[in-house]
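Visitor: Before I ask anything, here is the structure I am working with.
All of the numbers you see were taken from the coordinates with simple rules; none came from a lab. Owing to the predicted nature of the structure, the values given are computational and were not obtained by experimental measurement. Glycine also receives a Cβ, built like all others from the backbone with ideal geometry; neighbour counts cover every protein chain displayed.
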Amino acid sequence: MNTHSTSTFGHVALIVAHCAGMIDLVALPVWVGTLIQHYQLDPQQAGGLATLFLIGAVVSSVFLASRFQRVKGRWVAAGGYALAAACFGALSQPQDYATMAVLHAVGGLAAGAALSVTHGTIARSFNPHLKFAIVGIGLGVFAVLFLGASPKVIEAAGGYMLFAIFGAVMLLASLVCAVGFPQPEREAMAVGTPATRIPRAVWFGIVGISAMALVQSMTFSFLERVGSDRGYSLTLITGVLVVLGMVNLLPAGLAAMLEKRWHARRVLLAGPVIQALLAATIMNAPSFYAYAAAASVFAAVMIFTHTFAFGLMARLEPSGRAMAATPAMLMVGAAIGPVFGGTLVKTAGYGSLGLAAVLIGGVAVFCMSRLPGQVPTAVAQVPA
């Protein structure tokens, strides 16, 4: 039995790797907004580039998830983020749309591979709920720094600066992973034991999280644009993004504190409902204050709900294979979101995003309802 205990620097490596791989969760409104404002792309084109990055992440995550136990996590993470850094470095130079599309796709493939081994390693920790909450807190800190600084820097220096920042984040993650990426704390199963099938309930959970990720990305991608098109100033919108980043410091820590007090299944049923209502408010808000209030807590709902989902599903499927596919379950929804949202905005206006969020939220609630209230004893192999 593997009894590795992750060192402090190992925890830092997982946090940095999580932040780099989940950069879309933080950066989508700035990403899409920059492509529209500085690169003169329409909403569909801008959303399409973000979608290509996310599709790349899905493809590599699906490929690696079933092979997670046979790869060296440290070198996949370090190499993946190094290649992603090179792609974003190239994007910081003038490129035509076709080249930008290829670089987004390849960057997504690379970052998705690195994030896949990161989440698989977290899933094979002694307490996956707590460890996922810790990296979530790190993502919240990163969000404050990124959302507080990047809009004004990009406004002053030009759109290329967005990709320069992305490249720097990926390069830092590559270096940290090369030095300190940890081994899983526990073995997935005894050597020679055939892999068991992923439980049906876990597949429903995967679809439910994917549906929430779709609502998250299609709304978040146009959060900055809808505010700008309503006439809110860059200062006001940046202020909302900063508050959003600060609020994002809270949900993962709260999820860790409430792990034993709140029933995971109830959290998973409530999360999609609250998320859909907030999305509808953002896209149809009659005033700045309603827009700002809903936008400030929007991403926090996804982080809080996903922490509970990760902990529950990691215990239902203790090999780590399903959770190594976390980037895929998040990004298969997130990948569709920017281009789907851009198409809706282009053809039917921002209000259509709110209606779509409510409908997709209903699918997510149904899927979450298929998860059990607690982990059956036979598969509860992860110590609490």
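Visitor: Run the quick spin-label model on residue 98 and residue 39: label points 7 Å from Cα toward the beta carbon, then report their separation in nm to one decimal.
Guide: 1.6
Visitor: Place a +1 charge on the Cβ of each Lys and Arg in the chain and a -1 charge on the Cβ of each Asp and Glu, then give the dipole magnitude about the Cα centre in debye, rounded to the nearest 20. All intermediate terms of the calculation are to be shown ahead of the outcome.
Guide: Details: 20 positive and 10 negative charges, 220 e Å.
Result for the chain is approximately 1060 debye, rounded to the nearest 20.
Visitor: Fewest to most neighbouring Cβ within 10 Å: what's the order for 346, 260?
Guide: Working: 346 14, 260 8.
By the 10 Å Cβ count, ascending, the order reads 260, 346.
Visitor: Is it possible to state the helix-based mean residue ellipticity at 222 nm for the chain, with each DSSP H run of 4+ residues giving -39500 (n - 2.57), the sum divided by total residues, to the nearest 500 deg cm²/dmol? What is it?
Guide: Numbers: 16 runs with 293 residues, N = 384.
Mean residue ellipticity, 222 nm, calculated: -26000 deg cm²/dmol.
Visitor: Could you point to the residue in 311, 100, 30 farthest towards the positive end of the chain's charge dipole, with +1 and -1 charges on the Cβ of Lys/Arg and Asp/Glu respectively?
Guide: 311
Visitor: Also, quick follow-up: From the square roots a ≥ b ≥ c of the eigenvalues of the alpha-carbon gyration tensor of region 48-180, which class results: rounded (a/c under 1.5), prolate (a/b over b/c), or oblate?
Guide: Oblate, since a/c reaches 1.5 and b/c is not below a/b.
Visitor: Hey, another quick one. Shape verdict for region 196-251, please, from the Cα gyration tensor: rounded (a/c under 1.5), prolate (a/b greater than b/c) or oblate. Spell out each step's value before the answer.
Guide: Numbers: a/c = 6.53, a/b = 2.42, b/c = 2.69.
Because a/c hits 1.5 or more and a/b fails to exceed b/c, region 196-251 counts as oblate.
Visitor: Once phi is turned into θ = phi - 60°, what whole-Hz ³J(HN,Hα) does the Karplus curve with 6.51, -1.76 and 1.60 give for every residue of region 100-108, x standing for Gly and Pro?
Guide: 4, 5, 5, 5, 5, 5, 5, x, x
Visitor: Now a separate question. Hey, fewest Cβ within 10 Å first, where do 42, 24 land in order?
Guide: Details: 42 13, 24 25.
Taking fewest neighbouring Cβ atoms as first place, the list is 42, 24.
Visitor: Quick one: if you stick a label point 7 Å off each Cα along the C-beta vector at residue 258 and residue 366, how many nm between them?
Guide: 2.7
Visitor: Taking only Cα atoms, what is the 0 to 90° angle, nearest 10, from helix 73-91's long axis to the longest principal axis of the chain?
Guide: 10
Visitor: If you don't mind, another one. Quick one: angle between helix 43-65 and the longest Cα principal axis of the chain, in degrees between 0 and 90, rounded to 10, please.
Guide: 10
Visitor: If you fit an axis through the alpha-carbon atoms of helix 200-220 and take the longest principal axis of the Cα set of the chain, what angle between them do you get, 0 to 90°, nearest 10?
Guide: 20
Visitor: Let me ask another. Which one of 365, 351, 55 is farthest out on the positive end of the charge dipole of the chain, using unit charges on Cβ (Lys, Arg +1; Asp, Glu -1) and the Cα centre as origin?
Guide: In the chain, that residue is 365.
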